[in-house]
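Working notes for the structure below.
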Amino acid sequence: MSEIFGIPTQALFGQLLIGLINGSFYALLSLGLAVIFGMLNIINFAHGAQYMMGAFCAYFLLSKLGLGYWWALLLAPVIVGATGIVIERLMLARLYQLDHLYGLLLTFGLALVIQGLFRNEFGSSGLPYNIPKGLEGGRNLGFMFLPNYRAWVVVASLVVCLATWFVIEKTRLGAYLRAATENPALVQAFGINVPRMITLTYGFGVGLAALAGVMAAPIYQVNPLMGADLIIVVFAVVVIGGMGSIMGSIVTGFALGVIEGLTKVFYPEASNTVIFIIMAIVLLVRPQGLFGQR
Amino acid sequence: MANAQSAMVGTRAARADLRPQWIAFGLMLAFFLVAPATGLYAVFLMKVMCFALFACAFNLLIGYGGLLSFGHAMFFGLASYASAHAAKVWGVTPELAILAGTAAATFLGVLVGLLAIRRQGIYFAMITLALAQMIYFFCVQAPFTGGEDGIQAVPRGRLFGLIDLSNVWAMYATVMVVFFGGFLLIFRVIHSPFGQVLKAIRENEQRAISLGYDTDRYKLLAFVLSAGLSGLAGATKALVFQLASLTDVHWTMSGEVVLMTLVGGLGTVFGPVVGAFVIVAMANYLAQLGAWVTVVQGAIFVICVLTFRRGIIGELGHWLRKPL
């Protein structure tokens, strides 16, 4: 067995892959947070809970309706996104005139309610969700064993992230979005329905979280608290990247996942905290975040 | 902007306004003196006082500095561990244990404050939350915290080597002195020129800077004060319950202190105390419902933000037209 820096390559690439998988989820979630923050100016604390709802949605679709993974991938973001739209219309829409911190407090409360309800119903042990047919097994790449499903998660989330970036940065719809972020009153004066755009943006961001949840279901177990601690790490990712740039969120998400994976190989004691330590360093050197403006 | 201006002038007017607050203070003092005689459990009241001090310290930052910290459990929890460790392993007297806890929290407050005040608003909340999570992981791994078990059976010891705190009334009196001492300190800070400058920074930081105030220094000092007082609360709590555990340092604790302050009234002097009483009482009565407590707390968050933003004392003060 060959070694790099005294570490067996098998372990190194194995952790690198886990890092990439975690990075995929960081990227998808921080992207959703950034999109929501851009339009609504709130931090969606319920993002972790909505990620969990996505995973549960996939579980229900399979156990109650017999709809498999591929249907879940399509339906769960739509269903959870729809609940997001209801939340935006009924609650968040009342807060836009107030301090942004109230949005944070409201979504924190929602996260507690959602996670508490699911925990009452399903306990805190996980429910299993099988890897979909066609993506079982894996292939030997010579230097490591690559499970097919994990490769799919990395590729799929990369595609979703880049598609989102393309829509926001390169299309007409994205131009409206970016304009409304800068100056909603002016965009509204041009005859574009800004409140509806805000609602749909929130629904889309929540849908991204749910999509991440469906993809996570076969890797981690479906668990009511699966998003609770994850969201705090994603907040740190967002602080490191700064929310000014869509591409910034994607790059930071993947990079930090990989760094976390490598830390597990070289200094496992710090693997839980490495992202927070990087956040502290970034705050000292570049407080606005790596890709942030201002 | 007008608020900032009026806050920076009129100390005379402010002094005239203080009378209702002293009356409220008298009522609060009378309540905690009389309450044990009415059949309320002493341990419950001591818990209320510890959390009330914690919430007041938190409120100093959000209510007067406009900084929402979502990680105050790190100060509360670390101080609780430090004081429990000092009392149990080093065997020091309780006042020194509390002092050790407070010192640990203050020191952490300097470190975290220096990082966190570099950003404002939502970022400030996320940074404090993330750093608190880091402290949580540290407490999970560090050998002296006892991991999942926490530090149990912490001896209350003899205050100044004389008074045996295993007597519940001696402990009660000590907690009262700590709580009212901390409360009066916060009260003094709020009404001092320093407090006025803090309010000015909350209302309009650019203007405060242009008036020549080094706003970062004011914010850092407020942060360290708030951290130290949260530590005082946590250190005392560890002696009351003879226990320091991961619950004290978990993010749910940070959420709870936000909730207490929100229910009582953000930026009011007495709101956090009332909020702490309500939330601690609720947790006691709902204890048998298990995870429903979380649901109820979340629902209260949502209701408060949507319809009851002034909180109990804020509404009362609004109704009486007196700032409480």
Where in segment A:1-91 are there chymotrypsin sites (Phe, Trp or Tyr not before Pro) that are in a DSSP coil and have at most 14 other Cβ atoms within 10 angstrom of their Cβ?
-> A:5
Cα-based Lys proximity count in segment B:18-250, under 28 Å, for pairs eight or more positions apart or on separate chains = 5
Peptide B:296-308: average number of partner chain Cβ atoms within 10 Å per residue?
-> 6
Just how far, in whole angstrom, is segment A:54-74 from segment A:93-156 if you go by their alpha carbon centroids?
-> 13
Note the angle between two axes, namely the Cα long axis of helix A:274-285 and the longest principal axis of the Cα atoms of chain A, as a number of degrees from 0 to 90, rounded to the nearest 10.
-> 50
For peptide A:262-275, compute the average count of partner chain beta-carbon atoms within 10 Å of each residue's beta-carbon.
-> 2
Honestly the protein assembly as shown on the Cα gyration tensor test (a ≥ b ≥ c root eigenvalues; a/c under 1.5 rounded, otherwise a/b vs b/c for prolate or oblate) is just prolate
When Lys and Arg each count +1 and Asp and Glu each count -1, what net charge do the other residues less than 13 Å away from residue B:291, Cβ to Cβ, add up to?
-> 0
Computed over chain B: longest principal axis from alpha-carbon atoms vs helix B:42-59 long axis, angle to nearest 10 degrees, is 40
Other protein chain Cβ atoms within 10 Å, averaged over every residue that makes up B:252-263 = 2
What is the Å³ per residue value for the convex hull set by the Cα atoms of segment B:143-293?
-> 163
Under Stokes-Einstein, chain B at 37 °C and 0.692 mPa s, with its Kirkwood radius over C-alpha pairs, diffuses with a coefficient in µm²/s of 165
Segment B:157-255, relative contact order [Cα under 8 Å, separation at least 6], % = 19
When the helices in chain A are scored as -39500 (n - 2.57) per DSSP H run of 4 or longer and the sum is shared across all residues, what 222 nm value do you end up with, to the nearest 500 deg cm²/dmol?
-> -23500 deg cm²/dmol
Sticking with the crude label model, points 7 Å out along Cα→Cβ, report the distance from residue B:18 to residue B:207 in nm, one decimal please.
-> 2.5
If you find the alpha carbon centre of segment B:157-202 and of segment A:218-294, how far apart are they in angstrom?
-> 38
Sum of side-chain charges, residue B:309 neighbourhood, beta-carbon under 11 Å (Lys, Arg +1; Asp, Glu -1) | 0
Of B:172-185, B:228-241, B:53-66, ordering from highest average Cβ density within 10 Å down gives B:228-241, B:53-66, B:172-185
So for chain A, what are the equivalent ellipsoid semi-axes in whole Å, largest first, each being the square root of 5 times an eigenvalue of the Cα gyration tensor?
-> 31, 24, 18
For chain B, calculated [θ]222 nm from helices alone, where every DSSP H run of n ≥ 4 adds -39500 (n - 2.57) = -23500 deg cm²/dmol
Degrees separating the helix B:121-141 axis from the principal Cα axis of chain B, which is the longest one | 10
GNM top mover of B:225, B:262, B:306 - chain B, alpha-carbon springs below 10 Å = B:306
Residue with peak Gaussian network fluctuation, chain A [Cα springs, cutoff 10 Å], from A:146, A:200, A:230 | A:146
For the pair residue B:214 and residue A:139, the simple spin-label estimate (label points 7 Å beyond Cα toward Cβ) gives in nm 6.3
Return the loop-located chymotrypsin sites (Phe, Trp or Tyr not before Pro) in segment B:86-161 (DSSP other than H, G, I, E, B) with at most 11 other Cβ atoms within 10 Å of their own Cβ; answer none if there are none.
-> B:160
With a Förster radius of 25 Å, plug the Cβ-Cβ distance of residue B:287 and residue A:94 into 1/(1 + (r/R0)^6) and report the FRET value to the nearest 0.05.
-> 0.15
About the Cα centre of segment B:18-250, what is the dipole size in debye to 20, counting +1 per Lys and Arg Cβ and -1 per Asp and Glu Cβ, all else neutral?
-> 420
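Where a number appears in this text, it was derived from the coordinates with a stated rule and is not lab data. Predicted model, so just to flag it, every value in this text is computed and none were measured. Note that we place each Cβ from the backbone using ideal geometry, even for glycine, and neighbour counts take in every protein chain shown.
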